[in-house]
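Worksheet for the structure shown next.
The values are calculated or read from the model by the stated rules, or taken from the named source; none is laboratory data. What you are looking at is a predicted structure, and each value in this text was computed from that prediction instead of being measured. In this analysis, Cβ positions are derived from the backbone assuming ideal geometry, glycine residues included, and neighbour counts consider all displayed protein chains. What goes into the accessible areas is simple: the full protein's heavy atoms, side chains included, and nothing from ligands, DNA or RNA. Shrake-Rupley method; radii C 1.70, N 1.55, O 1.52, S 1.80 Å.
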Amino acid sequence: MPKNLFQKVWDDHTVRQLANGQTQLLIGTHLIHEVTSPQAFGMLRDLGLKVAFPHRTFATVDHIVPTDQFIEPYADPLAQAMMDELRKNCAQFGITFFDRATGKQGIVHIVGPEQGITQPGTTIACGDSHTSTHGAFGAIAFGIGTSQVRDVLATQTMALGELKVRRIEVNGKLPPGVYAKDVILHIIRMLGVNGGTGFAYEYAGSTFDGFSMEERMTVCNMSIEGGARVGYVNPDETTFAYLKGRPYAPKAANWDTAVSHWKSFASDPGAPYDDVVKINAADIAPSVTWGINPGQGISISENIPSPETATSADDKAGIIEALAYMKLPAGAPIKGTKINVAFLGSCTNGRLSDFQEVAKYIKGRKVAPGIKAIAVPGSQIVALQCEKLGLDKILSEAGFEWRAAGCSMCLAMNPDKLIGDQLCASSSNRNFKGRQGSTTGRTILMSPVMVAAAAVMGQIADAREVFSVTQN
Amino acid sequence: MALAKITSVFGRAVNVPGNDIDTDRIIPARFMKCVTFDGLGEFLFYDVRKQLDGTEKSHPLNEPRFKGATILLSGANFGCGSSREHAPQAIAKYGFKAVIAENFAEIFFGNSTTLGMPCVTASREDIAKISAFTEADPQGEVAIDLVKLEVRFGGQTVKIAQRESARNALVNGRWDAIGELIDGLPAVKITAGKLPYLAA
Ligand code: SF4
């Protein structure tokens, strides 16, 4: 019987059925960071348990690291305490830690793929909702809570109910100036922020076939913003080419065996799905959010919704609440909205290709006066790659501060925060109230090139016009 | 590990209305700089409960008449956003024992169940009825019955629902899977041995 990738990986990793009907699922790869792991290690100690498979957990530090301070102790003693705790836990339990001194530190969802730890046909868990990113490689990757981090540390498994699978096919060529970020914003707007509850999303179609791994990661990353805990793309030659030669990828004689094994995980022709959605790439436009969840998005040429256009009472209340928070006028064009801050980075769009694409257009241009613009590479390796290509210079000359690797202003657990009700054009993934560190701060999500356009104009702008984009 | 069998939750209720109440709202990220969950309760809903200067805003949880409530009522898609367990932990540490909402974000639901804090769903109309009851009588008792799947309050009864695997785990004292997962370790080693990437 034909199976989809989710079913194959699930079956391969099923240990047994539990009394409550859930499955004890083997988690092959466990990633941890400083925010959600210390409490789990605490629980482990309280129960007198050990880490069952220490070589299958990998750690990095990302959320709290300052991006402009390199010397410890950090100015924020709480941040330093979290750093120390992670270091201590990794040392005590024999876990590999990509600390800053290794040169491999970065946002956990960038480090895993970069090191070749993220592989097709595997299960991955991390105490972080954007773990779905790793699904870009044909892995089943779950964001989990701290108690489950404890479970995975103690047993390398967790208790889970099986998910349904929705195939989302995007076909055709994206119009110029339209990026992977726009694809996922489009999907979330279309299916809703909780449309994916209970589902794994399988992204497919010719658009995805043509995507690079980094583009696939951008889409899978935001699956959770559409309510889907898992999102994946079937592995193909693009996947294998990306992995070849990476530190943790299979070597020499093992490579060919691994590739043929990986291929076998791809969904079979005729595989069953619980739902199928088809989208035309040509229908997708550069997108921006206007509200306080990632589903409240529009294309750059549309107007901000007004409560009168609401489709239901709920929708209406949602629009009213969002507009009040965002301080945006109902029915007006979103284009031309003044911004204060431009943020390039995050696990959604903090990779080499993101900075390359921005540099291509921003070279020779200047960030508008009065705009704070920061560019934060997702990992130390991304930073180095960019610096080798001189992208940091191009960005700095344009007026972006070039920072060190971390989550930074994506959720502002480090010193990079909005002030007051500043409005930020951001390449990150969440526009919740207060997300970027100020309780009244405002976020508009968009692709990195759109962030660059907003930075140059000092207002939300159509990157296709600002940069005369005619082809991708 | 013997866990309590959670078949019912009794207590006073408080309604925090709204849809899509996300985990950043439940516990703002800046309060996640901690290495234990102790003390998270006081930061629950912080930014909607407190002004910048720390004085209180108008919010149901700030009303003296609702102090000591142990059942939280809310709207649709409660707990959306992050996987952070800080959110259900903050709710539990504040003193809540259960949440009734129209529906829940997936990860939040699972995290809460693992803490032994039942999340049950009810229709909007029924939640409004419970809310009206507590408005009229903040001291009135609300009882969530996970066996009969109903909520009883002031002589009224409304239906609730809960995913069967979670309900089963709660009422049978298996809501925290760790004991069972550890029992499975020999089988885990066998499964791991069959997977090439784990054999190395
Ligand atoms: S970059 Fe943002 S979304 Fe990604 S892991 Fe860091 S805080 Fe979470």
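Considering the options A:G210, B:V9, B:N19, tell which one lies farthest towards the positive end of the dipole of the protein assembly as shown, charges being +1 on Lys and Arg and -1 on Asp and Glu at the Cβ, about the Cα centre.
A:G210
Ignoring any ligand, DNA or RNA, what whole percent of the accessible area of the protein assembly as shown comes from carbon and sulfur when the probe is 1.4 angstrom?
54
Write down, largest first, the equivalent ellipsoid semi-axes of the range A:282-382 in whole Å, where each equals the square root of 5 times an eigenvalue of the alpha-carbon gyration tensor.
30, 16, 14
Would you give the gap between the C-alpha center of the range A:64-94 and the C-alpha center of the range A:273-320, rounded to a whole Å?
A separation of 40 Å, based on Cα centres.
Would you pull out the residues with amide H under 5 Å of B:I27's amide H, same chain only if 5 or more places away, H placed 1.01 Å from N?
Those qualifying (amide H under 5 Å, at least 5 residues apart or on another chain) are B:F45.
Which residue, chosen from A:T57, B:T36, A:L328, occupies the Cα position most advanced towards the positive end of the dipole of the protein assembly as shown, where the dipole is computed from +1 (Lys, Arg) and -1 (Asp, Glu) charges on Cβ about the Cα centre?
Projecting each Cα onto the dipole axis, the largest value belongs to A:T57.
I'd like the residues of the range A:123-164 whose 1.4 Å-probe accessible area shrinks by no less than 30 Å² going from the isolated chain to the full set of protein chains.
A:S129, A:G145, A:T146, A:S147, A:R150, A:D151, A:T155
How much area per residue is accessible in the protein assembly as shown when the probe is 1.4 Å and only protein heavy atoms are counted (Å²)?
With all protein chains present, the protein assembly as shown gives 34 Å² per residue.
Counting only C-alpha contacts under 8 Å and six or more residues apart, can you give the relative contact order of chain A as a whole percent?
Here the relative contact order equals 17 percent.
For chain B, take the longest principal axis of its alpha carbons; what is the angle in degrees between that and the long axis of helix B:124-136, to the nearest 10 within 0 to 90?
Helix B:124-136 sits roughly 50 degrees off the main axis of chain B.
Based only on Cα atoms, what Rg/Rh ratio does the protein assembly as shown have, Rh being taken as Kirkwood's radius?
Dividing the radius of gyration by the Kirkwood radius yields 0.95.
Points 7 angstrom from Cα along the Cβ direction at A:S260 and B:K148: gap in nanometres?
Here the answer is 6.3 nm between the modelled labels.
At a probe radius of 1.4 Å, figure out the A/B buried accessible area, summed over both chains, and give it in Å² to the nearest 100.
By this definition, chains A and B bury close to 4800 Å².
For the range A:404-453, what is the relative contact order in percent, using Cα pairs closer than 8 Å and at least 6 residues apart in sequence?
35
Taking the alpha-carbon centroid of each part, what is the distance from the range A:330-393 to the range A:110-174 in angstrom?
Comparing the Cα centres of the range A:330-393 and the range A:110-174, I get a distance of 27 Å.
Note every residue of the range A:27-45 with a reduction of at least 40 square angstrom in accessible area, all protein chains present versus the isolated chain, computed with a 1.4 Å probe, or write none.
Relative to the lone chain, where solvent access is computed with a 1.4 Å probe, the range A:27-45 loses at least 40 Å² at A:Q39.
Where the centroid of each part is defined by its Cα atoms, how far is the range B:43-87 from the range A:183-254 in Å?
Measuring centre to centre over Cα atoms gives 35 Å.
Check the straight Cα-Cα distances from A:K263 and name the lysines below 29 Å, setting aside those fewer than 8 residues away within the same chain.
The reachable lysines, counting only those whose Cα sits under 29 Å from A:K263, are A:K3, A:K8, A:K104, A:K164, A:K173, A:K181, A:K244, A:K251, A:K278, B:K189, B:K194.
Apply 1/(1 + (r/R0)^6) to the Cβ-Cβ distance of B:D38 and A:A252, taking R0 = 60 Å, and write down the FRET efficiency to the nearest 0.05.
Efficiency, rounded to the nearest 0.05: 0.75.
Using only DSSP helix segments of four residues or longer, with each worth -39500 (n - 2.57), what per-residue ellipticity at 222 nm results for chain A after dividing by its residue count and rounding to 500? Don't skip to the answer; put the middle values down first.
Numbers: 17 runs with 158 residues, N = 472.
After summing the helix terms and dividing by the residues of chain A, the value is -9500 deg cm²/dmol.
Comparing the chain by itself with all protein chains present, which residues of the range B:81-119 are at least 50 Å² less accessible (probe 1.4 Å)?
Buried by 50 Å² or more upon assembly, which counts only protein chains, are B:G81, B:S83, B:E85, B:E106, B:I107.
Treating the beta-carbon of each Lys and Arg as +1 and of each Asp and Glu as -1, no other charges, what is the dipole magnitude of the protein assembly as shown about its Cα centre, to the nearest 20 debye?
With only Lys, Arg, Asp and Glu charged at Cβ, the dipole is about 520 debye.
Within straight cross-link reach of A:K88, meaning Cα distance under 17 Å, which aspartates and glutamates are found once same-chain residues fewer than 8 apart are removed?
Once the sequence-local aspartates and glutamates are set aside, what remains near A:K88 is A:E34, A:D46, A:D62, A:E72, A:D99.
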